[in-house]
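First comes the structure, then the notes that go with it.
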Amino acid sequence: MPHLIAPSLLSANFLNLGDDIEMINRSEADWIHLDIMDGVFVPNISFGFPVIEQIALKARKPLDVHLMIIDPDRYIDRFREYGAAIISVHYETCHHLHRTTEAIKKSGAKAGVVLNPHTPVTMLNDILQDVDLVLIMSVNPGFGGQKFIVQSYDKIKKLRELRDQNNASFLIEVDGGVDVSNGLKLIKSGVDVLVAGNAIFHSPDPADTIHRMKILG
């Protein structure tokens with residue numbers, strides 16, 4: 001399957017958010033990535049439900065919602081109600097991960113699990129058959145524009161091996177420091193979905209950057 005591109009709105013121009021979403025709508029991007037931060041699990045706060053509601057009204061691509069929040073179970077149905085097609089939760093925040101992923105699927109969304117840089121992929125051994133997506137954080141979550149952690153390549157390869165060994169079908173997504181220069185290596189390592197923020201929105205021509213990331217490989 002061709003790899004997917006999910007521009008992260010965290011790096012968009014919030015004064016012209018509608019224009020940036022319309023650019024994504026017209027582009028070759030596949031999803032729109034939303035980083036939801038609570039200021040507790042990560043040292044930053046992003047946007048809440050009123051903004052997400054407006055984004056959903058404007059977006060014509062599926063919303064890929066990444067919850068960097070404590071106790072995500074409280075909000076699953078509401079994020080689905082506001083248009084989330086994919087809802088991903090952090091392994092590090094979920095005491096009952098299987099229950100949480102089942103709740104996501106019951107809501108009608110695809111269920112994803114996110115791993116911080118320090119969390120080994122083997123922690124997901126018992127749930128790999130139950131998720132639609134695994135997101136590897138290749139920076140420490142909380143802020144855009146960070147430097148890619150090079151050990152992420154090996155981590156992605158190990159996750160791909162686990163997927164093959166378990167005959168699982170989840171997508172592998174990567175977020176953090178992703179750009180045109182490392183995108184091809186990530187795809188060859190096993191990535192199915194590239195999330196990019198600064199590399200797209202801080203480029204002279206964001207739509208062209210999306211195109212160049214889309215044709216990698």
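A compact table of results
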read-out	value
Selected residue (criterion: farthest from Pro204 (Cα to Cα)) from residues of the stretch 165-191 that are touching a Gly at 6+ places or on another chain (Cβ under 9 Å) and charged (D, E, K, R)	Lys188
Residues that are within 16 Å of Ala109 (Cβ to Cβ) and of a type in the set (Lys, Arg), drawn from the stretch 22-68	Lys61
Residue under evaluation Leu216, criteria (1) farther than 19 Å from Tyr91 by Cα; (2) free of Cβ contacts under 8 Å to residues at least 40 places away in the same chain; (3) assigned to a loop (DSSP other than H, G, I, E, B), criterion not met	(2)
Count of residues meeting criterion [touching a residue at least 12 places away in the same chain (Cβ under 8 Å) and part of a helix (DSSP H, G or I)] in the stretch 15-28	9
Residue ID - nearest to Val139 (Cα to Cα), chosen from residues in the stretch 53-75 that are in contact (Cβ under 8 Å) with a residue 40 or more places away in the chain and part of a helix (DSSP H, G or I)	Ile55
Arg78 in contact (Cβ under 8 Å) with a residue 12 or more places away in the chain, under 23 Å from Ile200 (Cβ atoms), more than 16 Å from the chain's Cα centre (by Cα) and surrounded by fewer than 20 Cβ atoms within 10 Å (Cβ to Cβ)	no
Some residue of the stretch 140-159 being within 12 Å of the chain's Cα centre (by Cα), in a loop (DSSP other than H, G, I, E, B) and surrounded by 15 or more Cβ atoms within 10 Å (Cβ to Cβ)	yes
From Val178, Val191, residue being surrounded by 16 or more Cβ atoms within 10 Å (Cβ to Cβ), touching a residue at least 40 places away in the same chain (Cβ under 8 Å), in contact with a His (Cβ under 7 Å, 6 or more places away or on another chain) and under 23 Å from Ala29 (Cβ atoms)	Val191
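Only the coordinates and a few stated rules stand behind these numbers; no lab work does. Not measured: the values here are computed from a predicted model. Note that each Cβ is placed from the backbone with ideal geometry, even for glycine, and that neighbours are counted across all protein chains shown.
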